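Have a look at the structure below before the remarks.
The values are calculated or read from the model by the stated rules, or taken from the named source; none is laboratory data. Here the structure is a predicted model, which is why all the values come from computation and not from measurement. Methodologically, a virtual Cβ is constructed for each residue, glycine included, from the backbone with ideal geometry; neighbour enumeration extends over all protein chains shown. Surface accessibility is based on the protein's heavy atoms, side chains included, excluding ligands, DNA and RNA. Shrake-Rupley method; radii C 1.70, N 1.55, O 1.52, S 1.80 Å.
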Amino acid sequence: MLGIMFSGRHEIKTNNEGRVFIDRDGKYFDVILEYLRDGYFDVPQDPVILAKVGREINYYGLKGMLKALKTDLEFKYSHDYDGGGIIYWLGTDRGKHEWKNPFPQEVQVTCSAYAEGKLDAITSNKLGLFCTADKANSSWVQIMFLNIKVKPTHYTMGHNVADESDFPIDWVLEASNDGIEWIIIQTHQNDVTLSPSQQSFTWKVHCEDSYQYFRVRLTGANSNNNWHFVVSGIEFYGTVCF
């Protein structure tokens, strides 16, 4: 946009002092100037600032800067539902506005069979209510990121805030890039971490690749000896790949 504007091919309106008025917030224009002067710039590490700088770069149409922004973003875990996870970031439209549930615009959520609650509880960034049907060996919830891939280092999972039963004990976290072929990246056996006194928890994940699909699947009956999967507030931390 800047190159076209000042190429000499177009008439540019100026004020009495010969200045050109560009109707943009100047807060991040120093990053634009740094690139125009030196041919490089420091890519912001804060995902919120990065998203705002990206909006300005898009406006000015600076392809070299846009290419530099196609870099991996790191999201580090602090505590459960800390507002620093990937799903939360997507819910702010990459830092552009206040948070709202990113389902279904940025993530798709599906399940093995519906029983109770709402699917958006899975990406609610808090404890909520969702429950799959009681179906042995086939109770699961799946999250698909629409525009990014994720290499997780941690994931958070919550239970139903109103229910003190049906806690998962045996389950796996699976990943895929096509929704057909799955690999197990985390196995939980006799894991009684979730309980009436602790209804959410965040586990470390060892994962070597990035994926678009993630699925949490029961591999054994829950604490109430049935196959209802009562779950909410799933969040991921790690690396976002574009």
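Odds and ends about this structure:
- Number of the exception - Ile57 against (1) aliphatic (A, V, I, L, M); (2) modelled with pLDDT of 80 or more; (3) loosely packed, with under 12 Cβ neighbours inside 10 Å: (3)
- Filter pass, Gly85 being modelled with pLDDT of 95 or more and touching an Asp or Glu at 6+ places or on another chain (Cβ under 8 Å): yes
- Among the residues making up region 146-187, those that are open to solvent by 10 Å² or more (accessible area, probe 1.4 Å), over 17 Å from Gln108 (Cα atoms) and part of a strand (DSSP E or B) are Lys151, Thr153, His154, Asn160, Ile183, Ile184, Ile185, Gln186, Thr187.
- Residue in region 55-71 that is part of a loop (DSSP other than H, G, I, E, B) and within 28 Å of Arg215 (Cβ to Cβ) present: yes
- Residue that is least open to solvent (accessible area, probe 1.4 Å) [pool: residues in region 188-200 that are in contact with a strand residue (DSSP E or B) (Cβ under 7 Å, 6 or more places away or on another chain) and assigned to a strand (DSSP E or B)]: His188
- Val31 meets all of the listed conditions (1) open to solvent by less than 40 Å² (accessible area, probe 1.4 Å); (2) touching a strand residue (DSSP E or B) at 6+ places or on another chain (Cβ under 9 Å) but one, namely (2).
- Residue that is modelled with the lowest pLDDT, among those in region 187-242 that are farther than 19 Å from Phe167 by Cβ and in contact with a helix residue (DSSP H, G or I) (Cβ under 8 Å, 6 or more places away or on another chain): Val240
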